[in-house]
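Accompanying notes for the structure given below.
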Amino acid sequence: MEERLKVLELEKPEALWLDGSDLRTSLRASPRRIPSYYGYDQRGSEIFDAITRLPEYYLTATELRLLRTHAREIAELAGCDWLVELGSGSARKTRALLEAMAERKPTTFLPVDVSKEMLERTAERLLEAVADLSVIGLIAKWESGLDWVRENRAGPCVFAFIGSGLGNMLADERDLLLERISDACRPGDYFLTTADFEKRPAMLETAYNDPPGSDLWGQFRLNRLHRINELFGGDFALERYYEYCHYNTVTSTIEARIYASEAQRVRLAGLGMELNLVRGESIVVDYSFKFRRPELVEELGRYRFRVVGEWIDGLKQYGVFLARKE
Ligand SMILES: C[S@@+](CC[C@H](N)C(=O)[O-])C[C@H]1O[C@@H](n2cnc3c(N)ncnc32)[C@H](O)[C@@H]1O
C-alpha cells in the first residue's frame, strides 16, 4: 500500500492555523464572520458527516445519487487519469468517480485538505477499496494545493470542487478561487462542480436547521467557537450563544449565524484581540448561495470553463456540472 500512497504536508499544521490573520480580519468585519474551515477539526467533520445523513438535508443524498449514477459517463467524457479534489473530506462522493476512472486506466487521486487525520484515513480507505489507484494527499489550503499541482502534474486533470462548495463563498471569494483553479488548469483539463439551486425558503431553512430531537447543527456551529478557544486561547463561553440559520431571499443565500444571548466581552489572547458583543449580535459561520443554472453556466464561462455535461435531479433541486477548460 505504501508505494501507492504519498502524503505531502505543503503547509505545517501551525501554518494552517496559527497566524490567524484571516480570523482577525473576519471577526472585525461587518457582519462578523468565522471562516468555514475552522469548522472541520475531527469533531466538526464527524458531526457534519452525521448532518449529511439527516433526511431533511437533501443535498448530500441528491449529490451522491447523481455522482454515483453518472460516474462512468463523467469518467468517459473527461478521459483523465488525475483527479484533484479541493476539500476532499471523506471523499464519499468522489469514490464512485474514482472507481469509474480507475476501471478505464490507472488513476491518481490528489485530495487537498487542511485536515490531516481525515485525509490520511480517507486515502487508506480508498486504496483498500479501489485497485489501480494511487493517492498523493496534499495537506494544504486550496491555493497552495493548486500551486503544487500546477508545478508537478503529469497527465490531464479533472479538478473537483463539489459538495456545493462554490455556494459557500461570497461572490468575490468565488471569483478568486475560480481564477486560481482556472490558472492551475491547462486547456483540455476539466472542472467538476456541483450546485444547489434556488428553491422555497421553507425547504431550505428546514434543511439547514435541526429537526426536532436533533442538535447536530447546533453542535456543528458552536464547535467553531470551541475550536477557536483551543487554537487562539479564547474564552468564548459556548453556553452564552445560540445558533440559527435563515434564508436571505434578496441575496439567495442561506446565512448560518451564532448569536450572543447577552452582551459579552471575549478575549482571544493568541490573536491579541478583544471582541465586545452586544446582546443579540451575530457572527456568520456559513453562507450557502443558491444558484440559478444559467447564471452558474455563465459564471463558469467567465473563467474559460465550457460546460460539456450536466446532470440535474428529477426535482430540479441540485446539479452536477462538468466543464472543459478552453
Ligand atoms: C464540507 S467538507 C466537504 C467534503 C466533500 N467535498 C463533500 O462534498 O462531501 C469540507 C472539507 O473541506 C476542507 N476545507 C475547508 N476549507 C478548506 C481550505 N480553505 N483549504 C483546504 N481544505 C479546506 C475541510 O477540512 C473539509 O474536509
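The values are calculated or read from the model by the stated rules, or taken from the named source; none is laboratory data. It should be emphasised that the depicted structure is a prediction, and the values quoted were computed from it without experimental measurement. Cβ placement follows ideal geometry from the backbone for every residue including glycine, while neighbour counts extend to all protein chains displayed.
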| said: Take Glu99 and tell me if it is among the acidic types (Asp, Glu), closer than 18 Å to Leu126 by Cβ and not assigned by TED's automatic domain parsing to the domain that holds Phe191. | reply: no
| query | Limited to region 283-313, what total is found for residues that are more than 20 Å from the chain's Cα centre (by Cα), closer than 30 Å to Phe220 by Cα and surrounded by fewer than 15 Cβ atoms within 10 Å (Cβ to Cβ)? | reply | 0
| said: Just to be sure before I move on: is Val114 within 11 Å of the ligand (Cβ to nearest atom) and either in the same structural domain as Gly137 (by TED's automatic domain parsing) or more than 24 Å from Gly188 (Cα to Cα) (or both) in the structure I sent? | reply: yes
| task | Could you tell me whether region 208-231 includes any residue that is aliphatic (A, V, I, L, M), within 16 Å of the ligand (Cβ to nearest atom), surrounded by 15 or more Cβ atoms within 10 Å (Cβ to Cβ) and outside any helix (DSSP H, G or I)? | result | no
| Just checking, which of Arg240, Arg180 is of a type outside the set (A, V, I, L, M, F, W, C), free of Cβ contacts under 8 Å to residues at least 60 places away in the same chain and under 26 Å from Leu300 (Cα atoms)? | Arg180
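Kindly establish whether Ala160 is closer than 23 Å to Asp183 by Cα and within 11 Å of the ligand (Cβ to nearest atom).
For Ala160, the condition - closer than 23 Å to Asp183 by Cα and within 11 Å of the ligand (Cβ to nearest atom) - is met.
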| Counting only residues that are surrounded by fewer than 17 Cβ atoms within 10 Å (Cβ to Cβ) and under 21 Å from Asp22 (Cα atoms), how many does region 273-282 have? | 4
| task | Would you confirm whether any residue within region 142-150 is of a type in the set (S, T, N, Q), surrounded by fewer than 21 Cβ atoms within 10 Å (Cβ to Cβ), more than 13 Å from the ligand (Cβ to nearest atom) and in a helix (DSSP H, G or I)? | result | no
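Residues that are modelled with pLDDT under 95 and within 15 Å of the ligand (Cβ to nearest atom): which helices (runs of 4 or more DSSP H) entirely in region 6-106 hold 1 or more of them?
Filter on region 6-106 gives 13-17, 21-28, 42-51.
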| Looking only at region 134-167, which residues are touching a Phe, Trp or Tyr at 6+ places or on another chain (Cβ under 6 Å), farther than 30 Å from Arg293 by Cβ and among the small types (Gly, Ala, Ser)? | Gly155
| query | Looking at Leu204, is it not assigned by TED's automatic domain parsing to the domain that holds Val320 and not charged (D, E, K, R)? | reply | yes
| request: Report the residue count in region 285-295 for those that are under 19 Å from Val250 (Cβ atoms) and touching a residue at least 24 places away in the same chain (Cβ under 8 Å). | output: 7
| field | Residue count for region 121-141, restricted to those that are buried (at least 16 other Cβ atoms within 10 Å of the Cβ) and either within 14 Å of the ligand (Cβ to nearest atom) or in a helix (DSSP H, G or I) (or both) | value | 9
| message | Go through (1) within 15 Å of the ligand (Cβ to nearest atom); (2) under 24 Å from Arg95 (Cα atoms) for Cys185 and report which single condition fails. | response | (1)
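Evaluate region 69-86: report whether one residue or more is of a type in the set (Phe, Trp, Tyr) and more than 30 Å from Gly213 (Cα to Cα).
So far as region 69-86 goes, yes, one or more of its residues are of a type in the set (Phe, Trp, Tyr) and more than 30 Å from Gly213 (Cα to Cα).
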| query | If you scan region 232-263, which residues turn out to be outside any loop (DSSP other than H, G, I, E, B), surrounded by fewer than 17 Cβ atoms within 10 Å (Cβ to Cβ) and either in contact with a Cys (Cβ under 6 Å, 6 or more places away or on another chain) or aliphatic (A, V, I, L, M) (or both)? | reply | Leu238
| query | What residue, of Ala154, Ala195, is in a loop (DSSP other than H, G, I, E, B), among the aliphatic types (A, V, I, L, M) and more than 23 Å from Arg43 (Cα to Cα)? | reply | Ala154
